[in-house]
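Notes to accompany the following structure.
What follows is calculated from the coordinates using simple rules that are stated; it is not laboratory data. All values derive from a computational prediction rather than experimental measurement. Note: ideal-geometry Cβ built from the backbone for every residue, glycine included; neighbour counts use all protein chains shown.
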Amino acid sequence: MIIQFCKVYFKEYLANFNWLIYLVAIFLLNKTYELVRKKFMTENLSNIEILNWFIDAGIDVTIAEEPVDLTNFKKENTKVIAQPAIAAKKPETIIEKPTNKRQATTLDSETVKAIEIAKSISDKASSLEELKSEIEKFEGCSLKFTAANTVFGAGDSNARIMIIGEAPDSDDDRSGKIYSGKTGNLLDNILKSIGFERNSCYLSNILPWRPPGNRTPNEAEINICMPFILKQIELVDPEYIILLGGNAANYVLETNEPISKIRGKWLEVKVKEKTIKSIVIFQPSYLLKNTKQKRKTWLDLIRIKKII
């Protein structure tokens, strides 16, 4: 009796097995639609970026030359004709321009004098070593007298990629080395994710001295030190610049746009007659405190990797 029941039951089950496959396929398609819709609704991606996203996800062949009736599981209707995969091409870099131009502010006479001295020092320097030596002697910025060390840029002086942050943190100030401690470890991982090592890039900050208590530097302090970072850009002559954080981006790009509007977009840095492609991402110290923003940074890194 039991054996007879099993035969009948499993025969009926196997007869309807195709419908089980159909239901599973519908479920997976629905989930895929939800994921794709969520990604494209939250990220303002271009058509090229969307196509490249599909290729990265493994969707690089067509299903068939003609539509298939999924409710009819006859062999003649389920024949799949694979199409040759199309090699992914690197997307063109779309350069955008910030609309909110940074306005010049009125500075006191002492600050103006310090800026002129910083420009003179920078113009005379013919190498990074010479510039570093002159900055260590420079006393026109009050931050130098509260910092433990002068933290100058480091890395490959002929690098394709230059990283520019705002200022040294407490770990950098103690060690005298740029991007040390936890922020340095995170930056190393960020660079590795796009195929680069620390020693293959040039790392720098706008300020060579740490502001007391890691406070946000004021306009006078940044304006005094701007000639130093601009000279480093000129000497390294990178192909790309990655700007870490809103403050670094605002001064190097000369814009007042918040980081939320310029993050992840390809922009231009102009130094004398040279124009360099640049992109803004969150600074590592911010990501350590706001881990939820790492997802946005990862999407930015994908964009960077496709171009460089």
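Figure the gain on full extension for Ser127 and Asp237 (residue separation times 0.36 nm, minus the Cα-Cα span) and round it to one decimal in nm. Working shown, then result.
Numbers: separation 110, 0.36 × 110 = 39.60 nm, distance 1.19 nm.
Gain on stretching Ser127 to Asp237: 38.4 nm.
Annotation for the range 185-285: trypsin sites (Lys or Arg not before Pro) lying in DSSP loop with at most 13 further Cβ atoms inside 10 Å of their Cβ are Arg215, Lys272. Simple spin-label estimate for Thr216 and Lys137 gives 3.6 nm between the two label positions (7 Å along the Cα-to-Cβ direction from each Cα).
If I stretch the segment between Arg160 and Ile48 completely, what's the gain in nm (0.36 nm per residue apart, minus their alpha carbon distance), one decimal?
On the way: separation 112, 0.36 × 112 = 40.32 nm, distance 2.44 nm.
That works out to 37.9 nm of additional length.
I'd like the FRET efficiency for Asn189 and Lys261, computed as 1/(1 + (r/R0)^6) with the beta carbon distance as r and R0 of 25 Å, rounded to 0.05.
Values: r = 26 Å, r/R0 = 1.05.
Efficiency, rounded to the nearest 0.05: 0.45.
When the listed pairs Lys270/Lys292; Lys265/Lys292; Lys132/Lys192; Lys124/Lys261; Lys192/Lys272 are checked against a 25 Å cut-off, the alpha-carbon distance exceeds it for Lys270/Lys292; Lys132/Lys192; Lys124/Lys261; Lys192/Lys272. Between Glu254 and Lys294, the contour length at 0.36 nm per residue exceeds the Cα-Cα span by 11.8 nm.
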